[in-house]
Amino acid sequence: MSSAPARILITGASGCVGQHIAKQLLEQSDAELLLWLRDPAKLTAVPANHPRITLLVSDLREQQAHADELATVTRVIHTATAWGDPERAQQVNVVAVKELLGRLDPSKLEQVIYFSTASILNRDLQLLSEAEAYGTEYIQTKAICLGQLEQHPLAGRCVAIFPTLVFGGRVDGTSPFPTSYLTAGLRDACRYLWLARCLRADASFHFIHAADIAQVCCHLAL
């Protein structure tokens, strides 16, 4: 293990989870952070000009410009993802991940923390076979990517985590962190809470706060 500070790449660094991770790593370690994001203006929780922060500004599909920086990375926390458009989801969630792994230097790389989704797991925490066949483009591509990671030469250094529903930020937008999609939806959902007394269902769901996800990532990475 090198005594030099870790060089940690965070993809999707302007997102709710990405910014929580960046802030905790900045406060709890001496690691140098490479924050990969498309729009620097959306980075609100950590200072972009911090001496331990380097911004990699581009889409995840545009990697050549960052080839030199990627070859110096010792750890990766991959939160970036895409959904809504099948072609873009395939390119970002599958193709770009494979390309990224190919640009890392195996002699320096210690760990990859890969964000998947709990939607591709069954109750025994095994890959759900139906995920790839019948899931949305997001779920399908996450299932495909996980399958490829399990067969990748760097598989032994990869740690997959499977978030569920993620809260983060504030409904009124006053948090320094971006508002997660789930939190943003509370504004409209609250209008219909009165209906809950009229409904009965046998179901369950799991949720987690972005700050707690970040704490897990910091524990794994430090």
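Here, each number is a calculation from the coordinates, and none is a lab measurement. Quick caveat, the model's predicted, so the values are computed rather than measured. Positions of Cβ are generated from backbone atoms using ideal geometry, with glycine treated the same way; all protein chains shown enter the neighbour counts.
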For residue 140, net neighbour charge (Lys/Arg +1, Asp/Glu -1) across residues whose Cβ lies under 12 Å away: -2
Among 110, 32, which comes first, then next, by fewest other beta-carbon atoms within 10 Å? 110, 32
Enumerate the amide H contacts of residue 209 below 5 Å, restricted to partners 5 or more residues apart or on another chain; note that Pro and chain-start residues carry no placed amide H. 167
If amide hydrogens are placed 1.01 Å from N in the peptide plane, which non-local residues have theirs closer than 5 Å to the one on residue 160? 114
³J(HN,Hα), Karplus 6.51/-1.76/1.60, whole Hz, each residue of region 54-65, x for Gly, Pro: 10, 8, 10, 9, 4, 5, 4, 7, 10, 9, 4, 5
Please work out how much length the chain gains when fully extended from residue 212 to residue 58, using 0.36 nm per residue of separation minus the C-alpha to C-alpha distance, in nm with one decimal. 52.7 nm
Order of 152, 50, 78 from fewest to most other C-beta atoms within 10 Å? 50, 152, 78
Lys, Arg +1 and Asp, Glu -1 on Cβ, resulting dipole of region 84-151 about Cα centre, debye, nearest 20: 140 debye
Less than 19 Å apart at the alpha-carbon level, and either on another chain or at least 8 residues along: which lysines does that give for residue 42? 23
Determine which aspartates and glutamates satisfy two conditions relative to residue 108: a Cα distance under 18 Å, and not lying fewer than 8 residues away in the same chain. 30, 32, 68, 69, 99
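For a quick check: sort 219, 20, 209 by the number of other beta carbons within 10 angstrom, fewest at the front.
So the residues, fewest neighbours to most, are 219, 209, 20.
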Spacing of the two label points (7 Å from each Cα toward its C-beta) at residue 111 and residue 98, in nm: 2.7 nm
Give the long-range amide H neighbours of residue 54: residues separated by 5 or more places, or on another chain, with amide H under 5 Å away, using H modelled in the peptide plane at 1.01 Å from N. 33, 34, 35
